[in-house]
Amino acid sequence: MEYIRKDTINMRMAIDGHGNIYMSDPLNNHISKFAPEGDIIAQWGVRGNSEGQFAGPHGIAIDRSGNVYIADMGNRRIQKFASEGKFLASWTTYTSGGQIIYPRSIAVDDYISVYVVGTAHDPYLKRFKANGELIDQWPLIGGDPFDVAVDTSGNIYITDRSNNSVTKFKSDGTFLASWGRLDLDYKKFERSFKNSYFGKSWAKAILTTPITPFPLYPSQLSSPSYLAIDMLGYIYVVDGYSPYIKKFGPNGNCCGTFGEQGDNDGQLLNPNSIAVDRMGNFYVADGGCVHKFTSDGEFLNKCSIFSCEEADRLEG
């Protein structure tokens, strides 16, 4: 039985060269393609392990030719499709040592190398050719890597929720930089709240809860999840479970914080995914809509992907 969608929770998003929106749906095990206005163009996939079937599709990426790559997490493989959904290829995501990798996120560079972040006993970053041939792999020990993106120079960026950071690597896996880490002084906050009603318990809660009830410094992140990179190398990050999008330069300098809590145009409640187009605009999936902004955070428009009215009609 198909789950009737009313929101984009747990869905991943990618934008092609024509502004069409692709979304993976791990609940219904299919991929949906929408026109820029939100009208559905194509949909493919059912639950299973045959070609074109899925078991919890997560990450989604599109190459410069319009081919679509899906991290088929439950089947431990990558699947490649033409833009309209025709199956092209698939390959497994085992490590060279035979460990099973459950692929979570995926990115494609301009040279059609495919980068996959997934978990086994330890998280891994794997790099493939477009035909599935493994080029290289690197363990990502000591964190919780969530999403991956690649810039036009081939540098790799990974969000790490447990370390509250974005980490940048060269295409060969060489570490370059890391930023956003939220390092708080427990004793300092404990002293600040010791005379309050909540006292030490409140101070401890502040320091152990991803959603901090006080403003963070612009460059800091709290459990960052999704990210996307535009053609100029600017990085857009969904800052944990907050309604904020943070924009960074290629070396980690914070260039702006966008977002305001609410359900009006340009306001966000719980951003679920983020993507950029070739013009530098960025898109945020939130609730049943996709919001479109300029690179400076100016709201442009939104399209309804899943409306409550449509869901109720389908259920009836």
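The values are calculated or read from the model by the stated rules, or taken from the named source; none is laboratory data. Model, not experiment: these values are computed from the prediction. Every residue, glycine as well, gets a Cβ built from its backbone with ideal geometry; the counts of neighbours run over all protein chains shown. These area figures cover heavy atoms from the full protein model, side chains too; ligands, DNA and RNA do not enter into them. Shrake-Rupley method; radii C 1.70, N 1.55, O 1.52, S 1.80 Å.
Here the relative contact order of segment 1-160, from alpha carbon pairs under 8 Å that lie six or more residues apart, stands at 12 percent.
5 Å is the cut-off here: which amide hydrogens, built 1.01 Å from N in the peptide plane, fall below it relative to N75, excluding neighbours closer than 5 in sequence? HN-HN under 5 Å from N75: A55. Apolar share of the accessible surface for segment 1-141: 46 percent from carbon plus sulfur atoms, 1.4 Å probe. The residues neighbouring I78, those whose beta-carbon lies less than 10 Å from its own, together hold a net charge of +3 under the Lys/Arg +1, Asp/Glu -1 convention.
Please compute the net charge surrounding C255, taking Lys and Arg as +1 and Asp and Glu as -1 over other residues with Cβ under 10 Å from its Cβ. Summing Lys and Arg as +1 and Asp and Glu as -1 gives +1. A cut-off of 5 Å between modelled amide H atoms, ignoring neighbours fewer than 5 places along the same chain, links G280 with M231. Over segment 8-119, accessible surface divided per residue gives 38 Å², non-protein components excluded, 1.4 Å probe.
Ranked by solvent-accessible area (1.4 Å probe, protein heavy atoms only, all chains present), the residues Y234, Y22 order from largest to smallest as Y234, Y22. Using θ = phi - 60° and the Karplus relation 6.51 cos²θ - 1.76 cosθ + 1.60, list the HN-Hα couplings for segment 261-272 in order, rounded to whole Hz, with x at every Gly or Pro. In residue order, the calculated couplings are 5, x, 10, 8, 4, x, 9, 10, 10, 8, x, 9 Hz.
Packing here is the average count of other Cβ atoms within 10 Å per residue, and on that basis the peptides 107-119, 39-51, 244-256, highest first, run 107-119, 244-256, 39-51.
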